[in-house]
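The values are calculated or read from the model by the stated rules, or taken from the named source; none is laboratory data. Quick caveat, the model's predicted, so the values are computed rather than measured. Cβ atoms come from the backbone with ideal geometry, glycine included; neighbour counts cover every protein chain shown. Accessible surface is based on the protein model in full, side chains and every heavy atom, while ligands, DNA and RNA are left aside. Shrake-Rupley method; radii C 1.70, N 1.55, O 1.52, S 1.80 Å.
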Amino acid sequence: MHGFPAALTSFVGRSEAVDEVAGLLGQHRLVTVTGPGGVGKTRLGCEVARQVAGRFADGVWLAELAAVGDPARVVAAVAAVLGIRELPSVAAADALAQALARRQLLLVLDNCEHVIDAAAELCGRLLLGADDVRVLATSREPLRISGEARYRLAPLTVPDLGDPAHPDGSEAVALFADRAGRVDASFALDGETTPVVARLVSRLDGMPLAIELAAARVEALGVAQLLDRIDDRFALLAAGDRLAAARQRSLAATVEWSYRLLDERERRVFRAVSVFAGPFTLDGAEAVAGADAGSAVLHLVDCSLLVPPRAGPDGRSRYVMLETLRAYGAGLLAEAGEDAAVASALAGYALRVAEDAMSELTAGRGELAAARRLDAEDATLRWALDWAVEHDAAVAPRLAVALAWWWQIRGRLVAQVPLLRAAVDRAAVGSDAWCSGHTWLGQASTDSADPAEALRHFTMVRDAIGDSGSLLLARCLNGRSATLLGMGRIAEAVADARRSLALAREGDQPVVEALALAVLSLIACVGDDPVGAVQLARQAERISAGLRGPVARTCGHILITVLVGVGDLAAAERTCAAGLTDARDVGDLWSLGNLLEKMVVLDLQSGRYADAAVHLREALQTALRTGVRRKVLEDLDCCGYLCAWTGRPAEAVTLWAAVVELGRDGFSAPSHPELPEGWFQRQGPLHEARQALGPAKTGAAEERGKAMSLATAAEYVFMLTAAGPNPPVEASGLDALSPRERELVTLVAQGYTDAQIAGQLYISVRTVGSHLDRIRDKTGCRRRADLTRLALSAGLV
């Protein structure tokens, strides 16, 4: 091997990449390894050369082109490496090819990007004139000549952040650990450092140079401070190997090397698209960088400054900029004074995408495609909304309202309340966006089991609109009517629902008309008018069936409520099964939670207790995922009936006590306040459970339920339904714990955070973490949920 530097550090990972490139060299005479600066192209080229060296009688030769500033000097530089002298000044590439015609060798041309045309010309001549010469080139963009095989080198694999404590197979973590151990002999991956390193290398995109520069800082900062400061990565990662090439001594220098090779138009587009926080389409790039941005985007892909496009959830091709490159581009964007204009353009683009999708979602036409489009644009939409809340009072409320339908079907409405409220606060009181926003805040309050707050939002909208007949008023009155019904204020609920129905019909708004009829059907059911209730619910179903989408599913689960209320279980099951299929097909988690819980009721009514347990687990998982507190409480309530009717009176009493205690802030028990007696009459089974237990055991069961947090009660349900109606309960591992460790398990099960536990026990948060690590080792319970179940099974809570 000629000209290759000695390997002073180990080569970590990428064995597959080495084999793949070596395989390509066996099939093609020119292979170009491309990728962004710092991804490890040079190191890979050297490893490939070592692996294949035995194939070439005249050896493998490295020609490093990074220091060649003049493209006209490329041939001379390569010739000098090969020991060929006195090339003629005319057609030097041809002369070099002739000189190599009788040799069998591998020529590695490293760092070709800044002299790409000259390198391409040389390789073309070698392919034609030197049959036994093969070339392995590394470059940030391909040579683009006939006969070239390309291999795009990806960053190192990063761990799954869903379980950062177990980064199995992560090349990026392995590289960091190796390099950090060289600068700090005491460094090791353990329960404390591994999750931090996993997040750190993910933030660094798995880029080897960035990881090595970060590892060099471990002794001075430690991994936790490294992660905390990584937002300022270009200042932080600026002290590399003193003997390395200038472009490799800092992260900024590496990126700048690529940026300088672009022309002015490409630089402008690079800066502009750095505003995207996630994958983006070519349309999106043109929206922020101008209609002529398309060709520049394609060149940025060639230059490894953008990841090649991949199909998103909606099937559209989208580009991605690595976070390191994006951070560099954002700095340049601000430095050029272009950040405000580009951000505004992105907000406008996001608003167009969201409003177009909203019209499809609400109309039911193309609902799945519209929802997937928003899924694909999620990061961009969130960034745009955050920016608009701070900088654009006109866009922020409109964008938030346009996204609300999507948030609801994806089960994210409750979680987005702070952002929705901030956006709505930017709107003028009484404006369309203000009214729509508060109507959605009312819906979110209903889901959060806070009817008083829901009524406040709906009433604000009603009062702001006044007597003017409008679609916004009709929608608001629907929500207000349902809220009043749940609070037992029937006369007011009737008045609002009827007014909403009249406005919807006057304005020819079938969506609102169907919802108003559905609410009126519930009111009729409560008013002991079963025939009228079913007629109204069926009428709502017929109207909404033509609309499809979330409105149809909402009317469907209200119809199920009415059918159960009047005792038509067969019709209710048919409607529920169809609704579940539809909700699953489009990913409507909000409707899925409602319908699953109704299926639980139907299972219980029919004595299918094992099925009820299965459906209850999924219903509760969905309710927790979506943050719909009202549904969580209703699912707890249903589990009380399941326990009562399967011979577990203590568990039933415990769950019902938890429901009553947790619902004191607004949720009215029994469940389903739209029916005054709930699905079932709790008084009977509760009385029987108390009789079976006796006063002492009843009191203990009730105290246990009252002490449960919402999360603890949910884990209790999961434990009770784990294997059907009568799962075995074990407390394995508890005997190995000390009294203090049992106390910590109890506090975890009661929903306390590490910081809260530290405050209660007067110890440090670090000490709490150490105790919990030992507890996990002793019990095998890795997650807090597992510790909660352990405490529940042992009766600690």
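Relative protection proxy for 456-465, 177-186, 514-523, from highest mean packing down: 514-523, 456-465, 177-186 (other beta-carbon atoms within 10 angstrom). Straight-distance candidates among the lysines for linking to Lys697, with alpha-carbon spacing under 24 Å and chain neighbours fewer than 8 residues away dropped: Lys706. From the largest down, the range 263-414 spans 46, 32, 26 angstrom on the principal axes of its Cα atoms. You can think of it this way: the chain between Arg260 and Ser295 has 10.8 nm of extra reach, that is 0.36 nm per residue less the Cα-Cα gap.
Less than 5 angstrom separates the built amide H of Ala149 from those of Leu30, Val31, Thr32, all sequence-distant by 5 or more or on a different chain. Sequentially through the range 24-40, phi angles give Karplus couplings (6.51, -1.76, 1.60; θ = phi - 60°) of 5, 5, x, 9, 10, 7, 9, 10, 10, 8, 10, x, x, x, x, 7, x Hz, Gly and Pro residues having no value and appearing as x. Projected onto their three principal axes, the Cα atoms of the range 491-617 cover extents of 48, 34, 21 Å, largest first. Relative intensity of the range 466-548 on a log10 scale, I(q)/I(0) at q = 0.11, 0.19 Å⁻¹, equals -0.25, -0.75, per a Debye sum over C-alpha point scatterers of equal strength in the absence of solvent. Loop-located trypsin sites (Lys or Arg not before Pro) across the range 303-368 with a Cβ neighbour count of 13 or fewer within 10 Å are Arg365, with loop assigned by DSSP. Think of each Lys and Arg Cβ as +1 and each Asp and Glu Cβ as -1; about the Cα centre, that makes the dipole of the chain roughly 600 debye.
Across the range 370-376, computed HN-Hα scalar couplings (Karplus, 6.51 cos²θ - 1.76 cosθ + 1.60, θ = phi - 60°) run 5, 5, 5, 4, 5, 4, 5 Hz from first to last residue, x flagging Gly and Pro. Here the relative contact order of the range 1-154, from alpha carbon pairs under 8 Å that lie six or more residues apart, stands at 36 percent.
Once the 1.4 Å probe is applied to the protein heavy atoms, the chain comes out at 41 Å² accessible per residue. Once the Cα atoms are used to define both axes, helix 451-465 deviates from the longest principal axis of the chain by about 80 degrees. Between the helical axis of 395-409 and the dominant principal axis of the chain, each derived from Cα atoms, what acute angle in degrees is found, rounded to the nearest 10? With rounding to tens, the tilt is 70 degrees.
For the chain, the extents of the C-alpha atoms along the principal axes are 105, 69, 45 Å, listed from largest to smallest.
Using 0.36 nm per residue and subtracting the Cα-Cα separation, the extra length available between Ala700 and Thr459 on full extension is 82.5 nm. Using a/c under 1.5 as the rounded threshold, could you call the range 513-587 rounded, prolate or oblate? The axes a ≥ b ≥ c are square roots of the C-alpha gyration tensor eigenvalues, and prolate needs a/b larger than b/c, oblate otherwise. It is oblate, given that a/c is not under 1.5 and a/b is not larger than b/c.
For the chain, the relative contact order is 7 percent, taking Cα pairs closer than 8 Å that sit 6 or more residues apart in sequence and dividing their mean separation by the residue count.
Helices in the chain, meaning DSSP H runs of at least 4 residues, each add -39500 (n - 2.57). Divided by all residues, the mean residue ellipticity at 222 nm is -20000 deg cm²/dmol. Relative to one another, the C-alpha centroids of the range 755-785 and the range 313-370 are positioned 42 Å apart.
Sorting the segments 412-421, 651-660 by their mean number of nearby beta carbons within 10 angstrom, highest to lowest, gives 651-660, 412-421. Helix 609-626 axis versus longest C-alpha principal axis of the chain: approximately 60°, rounded to the nearest ten. Sticking with the crude label model, points 7 Å out along Cα→Cβ, report the distance from Leu569 to Gln225 in nm, one decimal please. Simple spin-label model gives 6.7 nm for this pair. Distant-in-sequence amide contacts of Val60, defined by a placed amide H-H separation under 5 Å and a gap of 5 or more residues or a different chain, comprise His2, Leu106. Put a dot 7 Å past each Cα toward the Cβ at Tyr762 and Ser468; how far apart are the dots in nm? About 6.4 nm separates the two model spin labels. Normalised by the number of residues in the range 396-469, the average gap of Cα pairs under 8 Å and 6 or more apart makes the relative contact order 29 percent. When both bridge partners sit in the chain, DSSP labels roughly 15% of those beta bridges antiparallel.
Between Ala311 and Ala428, the distance separating the two model label sites (each 7 Å from Cα on the Cα→Cβ line) works out to 4.6 nm.
Starting from the Cα gyration tensor of the range 250-296, take the square roots of the eigenvalues, sort them a ≥ b ≥ c, and report rounded, prolate or oblate (rounded when a/c is under 1.5, otherwise prolate if a/b is larger than b/c, else oblate). Oblate. Grab the beta carbon distance between Asp70 and Ala755, set R0 = 41 Å, and tell me the FRET efficiency rounded to 0.05. Result of the calculation: an efficiency of 0.10.
Taking only the C-alpha atoms of the range 11-128, Rg followed by Dmax gives 14.3, 45 Å. The calculated FRET efficiency for the pair Ile145 and Thr362, based on their C-beta separation and a Förster distance of 56 Å, comes to about 0.60. Keeping the other protein chains in place, figure out the carbon and sulfur percent of the accessible area of the range 6-116, with a 1.4 Å probe. Carbon and sulfur: 51 percent of the exposed surface of the range 6-116.
For Glu390 and Glu16, a Förster radius of 45 Å and the Cβ-Cβ distance give a FRET efficiency of 0.50, rounded to the nearest 0.05. Converting phi to 3J(HN,Hα) with the Karplus coefficients 6.51, -1.76 and 1.60 and the offset θ = phi - 60°, the range 260-272 yields 5, 7, 7, 7, 5, 5, 5, 5, 5, 5, 4, 4, 5 Hz in sequence order, with x at every glycine or proline. Take the range 165-220, drop everything but the C-alpha atoms, weight them equally and run the Debye formula without solvent; then report log10 I(q)/I(0) at 0.12, 0.19, 0.26, 0.28 Å⁻¹ to two decimals. With one equal scatterer per Cα and no solvent, log10 I(q)/I(0) is -0.21, -0.55, -1.07, -1.23.
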